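Q: First the structure, which I've put down as structure tokens, then a few questions once you've had a look.
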Amino acid sequence: MDKTILWNQWLEEERIAHIHGWDFSHLDGRYEEEGDLPWDYRDTVMRYLRPDSRLLDLDTGGGEFLLSLGHSHALTAATEVYPPNVALCRETLSPLGIDFREANAAGPLPFEDGSFDLVINRHGDYSPAEIARVLKAGGVFVTQQVGAENDRELVEQLLPHPPAPPFPRQYLSIARADCEAAGLTVLEGREAFCPIRFYDVGALVWFAHIIEWEFPGFTVESSRKQLYRLQEQLEERGMVEGRIHRFLLAARKERS
């Protein structure tokens, strides 16, 4: 494809890059990730969720996943701290009777001790001590986390001067030790490195602007050489590929 056309497409992706809740539908058919994880986060949550469970979703985004569970709204609570998502949650979750609170998931959490049977968290922050505090005895915490090495190959190919990973403690072994130190018993722990694939470079431009903490300072202009190199790779291989890093952990509070 003509370089000028490509350049203008990349600039347009940069211009429109934004997200509403946690909606990646702009990239439908243009990239894929998490399809080959050796676990299913939703299935894991559902194994611990009972009809009478009091449920808390930390860093709920726009509440999309939470609502998909179909759990009783009267038994459901959620937190979010990112301002656009807070506004979205107030529009969508609160009118349903879900107990939504604007709060940093790292704590302190605005809930009483022993309030919940199940606390869930997908790709958000959390404090093991706060989790232990708000769980009832026998309650369970389930989290899927983005690992420290996530997208590193893409970062190194896209940025002229790749920075150090932004969250160097994001490993299952550390998360397990932190939960155990807070008095939680780890029930499950799994970690995986799987492919992430982009089928056009413009999709990667949009993605890098959305995941700005992994690609700090990225612009189309500053990464001109890198983008054209990735375009050559795409034309040779049909994709630009990196690796995601994920881990899953479930832990139980044994006693008050």
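Q: All but one of (1) free of Cβ contacts under 8 Å to residues at least 60 places away in the same chain; (2) under 17 Å from the mean Cα position of the chain (by Cα); (3) under 17 Å from L55 (Cβ atoms) hold for P165, so report the exception by its number.
A: (3)
Q: Another one. Looking only at helices (runs of 4 or more DSSP H) that lie completely in segment 1-83, which have at least 2 residues being more than 30 Å from E236 (Cβ to Cβ) and modelled with pLDDT of 95 or more? Walk me through it before giving the result.
A: Details: elements: 3-16, 41-48, 64-68.
Those helices (runs of 4 or more DSSP H) span 41-48, 64-68.
Q: Which is surrounded by 16 or more Cβ atoms within 10 Å (Cβ to Cβ) and either in contact (Cβ under 8 Å) with a residue 24 or more places away in the chain or among the basic types (K, R) (or both), of R54, R50? Outline the logic, then answer.
A: Working: R50 fails: surrounded by 16 or more Cβ atoms within 10 Å (Cβ to Cβ).
Just a single option satisfies the conditions, and that option is R54.
Q: Also, I was wondering about something else. E180: within 22 Å of S127 (Cα to Cα), of a type in the set (D, E) and surrounded by 20 or more Cβ atoms within 10 Å (Cβ to Cβ), yes or no?
A: Values: within 22 Å of S127 (Cα to Cα): yes; of a type in the set (D, E): yes; surrounded by 20 or more Cβ atoms within 10 Å (Cβ to Cβ): no.
So E180 fails the test.
Q: Right, next: Which members of segment 70-104 meet the condition of being among the hydrophobic types (A, V, I, L, M, F, W, C) and under 26 Å from I210 (Cα atoms)?
A: First, pick out the residues of segment 70-104 that are among the hydrophobic types (A, V, I, L, M, F, W, C): 74-75, 77-78, 81, 86-89, 93, 96, 98, 100, 103.
Listed by number, the residues that qualify are A78, V81, V86, A87, L88, C89, L93, F100, A103.
Q: State whether one or more residues within segment 5-17 are closer than 18 Å to C194 by Cβ, surrounded by 14 or more Cβ atoms within 10 Å (Cβ to Cβ) and aliphatic (A, V, I, L, M). Steps first, please.
A: Restricting attention to segment 5-17, the residues satisfying the condition of being closer than 18 Å to C194 by Cβ are none.
No; the residues of segment 5-17 include none that is closer than 18 Å to C194 by Cβ, surrounded by 14 or more Cβ atoms within 10 Å (Cβ to Cβ) and aliphatic (A, V, I, L, M).
Q: Does A203 satisfy the condition of being over 25 Å from D125 (Cβ atoms) and in contact with a helix residue (DSSP H, G or I) (Cβ under 9 Å, 6 or more places away or on another chain)? First the steps, then the outcome.
A: Details: over 25 Å from D125 (Cβ atoms): yes; in contact with a helix residue (DSSP H, G or I) (Cβ under 9 Å, 6 or more places away or on another chain): yes.
Yes.
Matching residues to (1) within 21 Å of A164 (Cβ to Cβ); (2) among the β-branched types (V, I, T):
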| site | (1), (2) |
| --- | --- |
| R176 | no, no |
| I196 | yes, yes |
| F207 | yes, no |
| F218 | yes, no |
| M239 | no, no |
| I244 | yes, yes |
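Q: Then there's this: Condition first: in a helix (DSSP H, G or I) and either among the aliphatic types (A, V, I, L, M) or in contact (Cβ under 8 Å) with a residue 60 or more places away in the chain (or both). Now tell me which residues in segment 84-127 satisfy that. So that I can check it myself, show each step before the final result.
A: First, the residues of segment 84-127 that are in a helix (DSSP H, G or I): 84-92, 94-96.
Those that are in a helix (DSSP H, G or I) and either among the aliphatic types (A, V, I, L, M) or in contact (Cβ under 8 Å) with a residue 60 or more places away in the chain (or both): P84, N85, V86, A87, L88, L96.
Q: Still on this structure: Can you pull out every residue in segment 53-97 that is within 15 Å of Y41 (Cβ to Cβ) and within 14 Å of the chain's Cα centre (by Cα)?
A: D57, L58, D59, T60, G61, E64, F65, L66
Q: Residues being within 26 Å of T60 (Cβ to Cβ) and in contact with a Ser or Thr (Cβ under 8 Å, 6 or more places away or on another chain): count how many of those fall in segment 1-37.
A: Count: 0.
Q: A follow-up question, please. From Q170, Q157, grab the single residue that is touching a Leu at 6+ places or on another chain (Cβ under 7 Å), crowded, with 17+ Cβ neighbours inside 10 Å and among the polar types (S, T, N, Q).
A: Details: Q170 fails: touching a Leu at 6+ places or on another chain (Cβ under 7 Å).
Result of the check over Q170, Q157: Q157.
The values are calculated or read from the model by the stated rules, or taken from the named source; none is laboratory data. Because the structure is a prediction, the values reported are computed rather than measured. Every residue, glycine among them, receives a Cβ derived from its backbone with ideal geometry; neighbour counts consider all protein chains shown.
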